[in-house]
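Chemist: This structure is in structure tokens; I'll ask about it shortly.
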Amino acid sequence: MNISSSERLYEKALGFMPGGVNSPVRAFRSVGRTPLFIDRAYGDRIIDADGNEFIDYVCSWGPDILGHAYPTIISAVQKQCESGLTFGACHEGEIHLAEKIRSHFPSMEMLRLVSSGTEAVMSAVRAARGFTGRDRIVKFEGCYHGHSDGLLVKGGSGLLTNAIPDSAGVPRGYTENTLLAKYNDLSSVEQLFERFGGDIACVIVEPCAANMGVVPPAEGFLQGLRDITARHGSLLIFDEVITGFRLSIGGAQQYYGITPDLTALGKIVGGGMPLAAYGGRHDIMECVAPLGSVYQAGTLSGNPIAVAAGLAAISELEHRPEIYAELDKKTVQIESAARSAGLNVNRCGSLMTVFFTDKKVMNYDSAVCSDTQKYADYFNYLIENGIYTAPSQFEAMFVSAAHSDEDIAATCDIIRGYK
Ligand SMILES: *Cc1c(COP(=O)(O)O)cnc(C)c1O
């Protein structure tokens, strides 16, 4: 039997990296395949090492909202490269990007650029603790906030798939201040505040959960969190690493009209380069060094290439405000196709997940009712028909502005044919 290039590369990679990958969900383990090795990508297409071309609905897990290899982003990066890859010092682009971010996220009165979503969230939580002088935090079952120690408790994403409730290597003490609540269940939050109110620095939430599959917030849920935290002098952190610049140019906070105290951004904000940001109220951010005593730093923070990519991506979104309505329309088409095939779908804007359970998926408990073997069958059907989606049940399907009407129609036809 012929061995494909992806299989050959995977065999090699296994000798160098755990599971052959640099991030666990890439390993395709939960769908029983070997991972594809990607050679190149353009627009809504991704091409593997064997030259197979797929319509891509992973979009690098969100950053590629404009599609792959977007021309203005590529040229901004190329231009910046000629002036040096990193300075480890201040440069003007940082101010432009901060200004752009704040213009769309007015709640981020002051902000810091960092290099990954994990770092942004970890730093926001540290700022919240520093500002309030409290240690405990509340997170929701099934929400994923990156892989920092204190947040690896009932995370979603790769953790759910591999059924690791917590990670090994995280000492108990690191998570003992992390309290767990149920998504879309305000009473679970009220109970924690009744017990620990004065000790809770913050509530951190994905304003639309997308790492246990897509689970939109129920009516009143986010407002409830806003009210409860305000009443207890606790801070509300929106982890908008996925939703920022996706649900709307101003993220979930604009989309739902709820103002958090702190926000973490990642993915789209870097235009495909490693860049993320956290920020919020002036008085909180003034606690961060060198102004205040909350330490946070980074050799490559505000990297000029990444800043150039982020600026180009956001500028394009500003110039094409119609993108968001178009993304919605495309995703609704796919949602309808999936429903007509009898599938259970959750959708929020251009984020969507098909679940294999009869239950309405509202939280972690209902998400894990989904039959992951059936998801694997669905994934395999799609990939064999030229459609690349998340190789795990507990992820989102990402639609981009580059998805052409023809490709959306072709995708819908294939999904409708699923039995
Ligand atoms: C992806 C993600 C993170 C982590 O970002 P990385 O850049 O992978 O470290 C954090 N929070 C949410 C909601 C995410 O989707």
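Chemist: Among the residues of the range 1-51, how many are open to solvent by 60 Å² or more (accessible area, probe 1.4 Å) and among the small types (Gly, Ala, Ser)?
Modeler: Counting residues in the range 1-51 that are open to solvent by 60 Å² or more (accessible area, probe 1.4 Å) and among the small types (Gly, Ala, Ser) gives 2.
Chemist: Any residue at all in the range 171-194 that's free of Cβ contacts under 8 Å to residues at least 40 places away in the same chain, surrounded by fewer than 24 Cβ atoms within 10 Å (Cβ to Cβ) and within 16 Å of the ligand (Cβ to nearest atom)? Even if it seems obvious, please write down each step before you answer.
Modeler: As a first pass, look at the range 171-194 and keep what is free of Cβ contacts under 8 Å to residues at least 40 places away in the same chain: 171-176, 187-188, 190-191, 194.
Filter again for surrounded by fewer than 24 Cβ atoms within 10 Å (Cβ to Cβ), leaving 171-176, 187-188, 190-191, 194.
Those left that are additionally within 16 Å of the ligand (Cβ to nearest atom): none.
No, there is no match, as no residue in the range 171-194 is free of Cβ contacts under 8 Å to residues at least 40 places away in the same chain, surrounded by fewer than 24 Cβ atoms within 10 Å (Cβ to Cβ) and within 16 Å of the ligand (Cβ to nearest atom).
Chemist: Quick test for you: out of 374, 359, pick the one residue that is over 23 Å from residue 64 (Cα atoms), basic (Lys, Arg) and either modelled with pLDDT under 95 or crowded, with 21+ Cβ neighbours inside 10 Å (or both).
Modeler: Working: 374 fails: either modelled with pLDDT under 95 or crowded, with 21+ Cβ neighbours inside 10 Å (or both).
Going through 374, 359 in turn, the sole match is 359.
Chemist: Tally up the residues in the range 48-66 that are under 15 Å from residue 401 (Cβ atoms) and of a type outside the set (Gly, Ala, Ser), please. Explain how you work it out, then say what you get.
Modeler: Of the residues in the range 48-66, the ones under 15 Å from residue 401 (Cβ atoms) are 55-57, 59-60, 62-66.
Checking which are of a type outside the set (Gly, Ala, Ser) leaves us with 55-57, 59, 63-66.
Looking only at that region, the number is 8.
Chemist: Now for a separate question. So the check is Cβ under 8 Å with 6+ separation or different chains; which pairs have a first residue in the range 101-120 that's closer than 17 Å to residue 271 by Cα and a second one that's assigned to a helix (DSSP H, G or I) and of a type in the set (D, E, K, R)?
Modeler: Between residues of the range 101-120 that are closer than 17 Å to residue 271 by Cα and residues that are assigned to a helix (DSSP H, G or I) and of a type in the set (D, E, K, R), the close pairs are 113/94; 117/267.
Chemist: Related question: Have a look at 347, 339 and point out the one that is basic (Lys, Arg) and more than 20 Å from the chain's Cα centre (by Cα).
Modeler: Values: 347 fails: more than 20 Å from the chain's Cα centre (by Cα).
After applying the criteria, what remains is 339.
Chemist: For residue 353, state whether it is open to solvent by 60 Å² or more (accessible area, probe 1.4 Å), closer than 12 Å to residue 213 by Cα and in contact (Cβ under 8 Å) with a residue 24 or more places away in the chain. Working first, answer last.
Modeler: On the way: open to solvent by 60 Å² or more (accessible area, probe 1.4 Å): no; closer than 12 Å to residue 213 by Cα: yes; in contact (Cβ under 8 Å) with a residue 24 or more places away in the chain: yes.
No.
Chemist: Collect the residues in the range 108-141 that are over 21 Å from residue 272 (Cβ atoms), in a helix (DSSP H, G or I) and not charged (D, E, K, R), keeping them in residue-number order.
Modeler: Selection gives 122, 123, 124, 125, 127, 128, 130, 131, 132.
Chemist: Output the qualifying pairs, or none if there are none: Cβ atoms under 8 angstrom, residues six or more apart or on different chains, first residue in the range 240-264 and within 18 Å of residue 113 (Cα to Cα) and of a type in the set (Ser, Thr, Tyr), second residue open to solvent by 10 Å² or more (accessible area, probe 1.4 Å) and assigned to a helix (DSSP H, G or I).
Modeler: 243/255; 263/253
Chemist: Could you check the range 1-107 for helices (runs of 4 or more DSSP H) lying wholly inside it with 2 or more residues that are among the basic types (Lys, Arg) and either modelled with pLDDT under 95 or away from the ligand (no atom under 16 Å from the Cβ) (or both)?
Modeler: Working: elements: 5-14, 71-81, 92-104.
Output list reads 5-14, 92-104.
Chemist: Taking the conditions exactly as written (acidic (Asp, Glu) and surrounded by fewer than 17 Cβ atoms within 10 Å (Cβ to Cβ)), does residue 240 satisfy them or not? Before the answer, list the steps.
Modeler: Working: acidic (Asp, Glu): yes; surrounded by fewer than 17 Cβ atoms within 10 Å (Cβ to Cβ): no.
In short, no.
Chemist: Residue 236 versus (1) more than 25 Å from residue 115 (Cβ to Cβ); (2) within 16 Å of the ligand (Cβ to nearest atom): which is the lone unmet condition?
Modeler: (1)
Chemist: Right, another one. Return the only residue of 392, 336 being surrounded by fewer than 21 Cβ atoms within 10 Å (Cβ to Cβ) and of a type outside the set (A, V, I, L, M, F, W, C). Steps first, please.
Modeler: Working: 392 fails: surrounded by fewer than 21 Cβ atoms within 10 Å (Cβ to Cβ).
Unique residue meeting the criteria: 336.
Chemist: Still on this structure, I have one more. Are there strands (runs of 3 or more DSSP E) fully within the range 157-269 with at least 2 residues that are modelled with pLDDT of 95 or more and of a type in the set (A, V, I, L, M)? List them.
Modeler: Result: 200-205, 235-240, 262-265.
Chemist: Does the range 298-313 include one or more residues that are of a type in the set (Ser, Thr, Tyr), more than 25 Å from residue 404 (Cβ to Cβ), in contact (Cβ under 8 Å) with a residue 60 or more places away in the chain and surrounded by fewer than 22 Cβ atoms within 10 Å (Cβ to Cβ)? Before you say what the answer is, go through the steps one by one.
Modeler: Within the range 298-313, the subset of a type in the set (Ser, Thr, Tyr) is 299, 301.
Now restrict to residues that are more than 25 Å from residue 404 (Cβ to Cβ): 299, 301.
With in contact (Cβ under 8 Å) with a residue 60 or more places away in the chain added as a condition, the list becomes 299, 301.
After this cut, where a residue has to be surrounded by fewer than 22 Cβ atoms within 10 Å (Cβ to Cβ) as well, the list is 299, 301.
Yes, the conditions are met somewhere in the range 298-313.
Chemist: Then there's this: Filter the range 211-237 down to the residues that are closer than 28 Å to residue 322 by Cβ, touching a Lys or Arg at 6+ places or on another chain (Cβ under 9 Å) and surrounded by 24 or more Cβ atoms within 10 Å (Cβ to Cβ) and list them by number.
Modeler: Listed by number, the list holds a single entry, 214.
Chemist: If a residue must be open to solvent by less than 20 Å² (accessible area, probe 1.4 Å) and either more than 20 Å from residue 292 (Cα to Cα) or not hydrophobic (A, V, I, L, M, F, W, C) (or both), how many such residues does the range 118-137 contain?
Modeler: Selection size over the range 118-137: 2.
Chemist: Scan the range 248-274 for residues that are open to solvent by less than 10 Å² (accessible area, probe 1.4 Å) and within 13 Å of the ligand (Cβ to nearest atom) and jot them down.
Modeler: The answer is 251, 252, 263, 264, 265, 266, 268, 269, 270.
The values are calculated or read from the model by the stated rules, or taken from the named source; none is laboratory data. This is a predicted model, so every value here is computed, not measured. Every residue, glycine as well, gets a Cβ built from its backbone with ideal geometry; the counts of neighbours run over all protein chains shown. Just the protein is used for accessible areas: all its heavy atoms, side chains included, with ligands, DNA and RNA removed. Shrake-Rupley method; radii C 1.70, N 1.55, O 1.52, S 1.80 Å.
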